[in-house]
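Quick note: the coordinates plus some simple rules give every number you see, no bench work behind them. Treat the numbers as computed from the prediction; the structure is a model and nothing was measured. Cβ: placed from backbone, ideal geometry, glycine included. Neighbour counts: every protein chain shown.
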Amino acid sequence: MEGALAISGAGINIRGMSKSFVESLQAYARLAVHVGVNLQKGQRLMVRAPIEAAPLVREITACAYDAGAPLVSVLYHDDQLSLARFQHAPKDSFETFPEWQADALLACAKRGDVFITVSGTDPDLLGSQNPDDVAAAMRSGQKHMAPFMAYPMSDRVAWCVISMPIPAWAAKVFPRLSAEESQLKLWDRIFTTCRVDQADPVQAWKEHIVNLQLRSRYLNERRFQTLHYRGPGTDLRLGLPAGHIWKSAESVSTSGITFVPNMPTEEVFTLGDRNRADGVVKSSKPLNYGGTLIDDFSVTFSGGKAVQVTAKKGEATLRKLIETDEGSARIGEIALVPHSSPISKSGLLFYNTLFDENASCHLALGKAYRFTLEGGKEMDDVTFANAGGNNSLVHVDFMIGSPEMDIDGLDEHDRPEPIMRHGEWTVVN
Ligand code: ZN
Ligand code: ZN
């Protein structure tokens with residue numbers, strides 16, 4: 001699952017919007033407000049978005065006020081300002097963080113506001129900047145944001161991550177198209193994968209949620225102790241802690257409101273045991289980590305910990321990522337997605353985790369979601385870790401699924417049962 005923290009974006013200008021496009025944009029905004037965060041009358045909304053997302057954010061804002069929000073606040077950010085910092089700021093300044101932003105978000109969370117994050121990134125934005133500087137800034141940001149992030153990570157607030165095309169991102173996905181064509185095409189893919197193109201998008205989401213729940217329920221009944229992954233370059237055993245909970249699309253906030261944290265979503269996921277990961281796993285798609293692309297990589301685990309990493313591209317960044325803290329070298333999330341998911345069927349590489357993770361089985365390095373362990377939301381860090389849950393400043397999903405991937409679930413006697421063959425569910429299919 002993609003966490004509530006998503007940063008950066010660069011340049012879209014939608015000229016001559018067709019009526020159907022505007023209608024789609026409004027339907028998308030309605031989905032984010034009514035299904036995504038499921039805003040209740042009287043709740044404030046905080047939106048974080050790239051500056052180019054203004055047309056979408058305006059629709060979201062209007063919809064939220066219609067739904068009874070007393071106030072909508074927006075924090076815009078700009079890829080070009082992030083880039084300028086690494087190009088021009090003093091070398092010893094990358095630990096500096098705007099504390100007021102973390103304080104404001106924490107105050108919103110404490111009040112029970114709801115959060116929409118619009119994710120849109122230039123996958124190559126910081127690729128040629130010094131990885132040490134980028135890592136220092138990211139680590140400082142993660143540290144400052146940790147008190148706020150504890151809220152969405154344990155579903156104490158309703159939150160939702162959606163997306164929108166940024167020119168540099170659209171150009172990366174559709175390199176042969178013109179700037180305008182690539183953005184329209186990416187919009188089209190987003191609308192399709194988010195079911196905005198359906199006659200009744202809200203109803204379509206309800207049906208989709210029920211379908212995903214069939215699989216999470218099945219896995220919750222089976223109570224596997226270990227998963228065994230096999231595929232090209234992959235032979236990995238992952239422990240599932242006692243009390244693990246398989247989740248899908250829908251979450252419930254502390255105040256009892258159901259919401260959908262990621263749109264699109266195709267995954268069924270839980271947490272891994274922080275001490276039981278053994279073997280090697282190979283990535284199946286590139287990973288965009290904070291503006292740097294990591295590609296064609298393998299991670300070897302022993303006793304839960306990543307002990308070796310190799311990457312054809314971005315190896316230094318991958319190394320920095322797992323060295324962030326003790327938990328960043330361990331698995332926080334295990335997610336199953338069939339190779340035939342609609343996003344995978346599009347055949348596109350999105351270079352954006354929100355999309356690529358929903359086209360592929362994936363794992364996350366770092367922090368586990370508290371709500372994926374029985375009683376996890378009420379545990380302190382030590383109790384959570386003792387129960388097998390992982391803590392870290394980071395939560396980074398990376399894609400490992402492919403049409404060659406086989407996965408078995410193992411019971412307490414290590415007896416295997418097929419869950420996936422050739423990247424497809426063998427159960428509840
Ligand atoms: Zn996931
Ligand atoms: Zn995740």
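Given a 10 angstrom Cα cut-off, can you work out which residue in S360, S93, S20 is the most mobile in a GNM of the chain?
The residue with the greatest mean-square fluctuation here is S20.
What FRET efficiency do you get for R415 and S302 if R0 is 35 Å and r is their Cβ-Cβ distance, rounded to the nearest 0.05?
0.90
Would you mind computing, in nm to one decimal, how far apart the modelled labels at I209 and L75 are, each placed 7 Å from Cα along Cα→Cβ?
My value for the distance between the label points is 2.7 nm.
Among C63, C361, which comes first, second and so on when ranked by fewest other beta-carbon atoms within 10 Å?
Placing the least packed residue first, the sequence is C63, C361.
Relative to a virtual label point 7 Å from the Cα of S255 in the Cα→beta-carbon direction, which members of segment 41-63 show backbone nitrogen distances below 13 Å?
41-46
Treating only the Cβ atoms of Lys and Arg (+1) and Asp and Glu (-1) as charged, compute the dipole magnitude of segment 365-429 about its Cα centre; round to the nearest 20 debye.
Using Cβ point charges on Lys, Arg, Asp and Glu, segment 365-429 gives about 260 debye.
Could you work out how much longer the chain between T192 and A146 gets when fully extended? Use 0.36 nm per residue separation minus the Cα distance between them, nm to one decimal.
This chain segment gains 13.2 nm when fully extended.
Could you tally the net charge around A67, taking each other residue with its Cβ under 13 Å from the Cβ of A67, Lys/Arg +1 and Asp/Glu -1?
Here the count lands on +1.
Which whole-angstrom value gives the distance between the alpha carbon centres of segment 211-228 and segment 321-350?
Here the answer is 18 Å between Cα centres.
Net charge within 13 Å of K305 by Cβ-Cβ distance, Lys/Arg positive one each and Asp/Glu negative one each, not counting K305 itself?
Once all neighbours under 13 Å are counted, the net charge is -2.
Taking 30 Å as R0, compute the FRET efficiency from the Cβ-Cβ separation of R176 and K313 and round it to 0.05.
Calculated transfer efficiency: 0.90.
With a 10 Å Cβ neighbour count serving as the proxy for reagent exposure, in which order, fewest first, do C108, C160 appear?
Fewest-to-most ranking of C108, C160: C108, C160.
For the pair E374/K91, report the inter-label distance in nm, with labels modelled 7 Å from Cα in the Cβ direction.
5.5 nm
Can you tell which of T254, I60, H208 lies farthest toward the positive end of the dipole of the chain, using +1 and -1 charges on the Cβ of basic and acidic side chains (Lys, Arg; Asp, Glu)?
I60
Which net charge results for the neighbourhood of T353, defined as the other residues with beta-carbon distances under 11 angstrom from its beta-carbon, given Lys and Arg at +1 and Asp and Glu at -1?
Cβ neighbours under 11 Å give a net charge of -3.
Quote the charge dipole size of segment 308-429 about the Cα centre in Debye, to the nearest 20; the model charges only the Cβ of Lys and Arg (+1) and of Asp and Glu (-1).
Roughly 540 debye for segment 308-429.
Place a +1 charge on the Cβ of each Lys and Arg in the chain and a -1 charge on the Cβ of each Asp and Glu, then give the dipole magnitude about the Cα centre in debye, rounded to the nearest 20.
400 debye
Select from E333, E267, E374 the residue whose mean-square fluctuation is largest in a Gaussian network model of the chain (Cα-Cα springs shorter than 10 Å).
Looking only at E333, E267, E374, the biggest GNM fluctuation is shown by E374.
Of K110, K282, K305, which has the largest mean-square fluctuation in a 10 Å C-alpha GNM of the chain?
It is K110.
How many nm separate the modelled label positions at V202 and Q101, each set 7 Å beyond the Cα in the direction of the Cβ?
Computed distance between label sites V202 and Q101 equals 3.3 nm.
Full extension from S128 to V22: what is 0.36 nm times the residue separation minus their Cα-Cα distance, to one decimal in nm?
Result: 34.5 nm gained on full extension.
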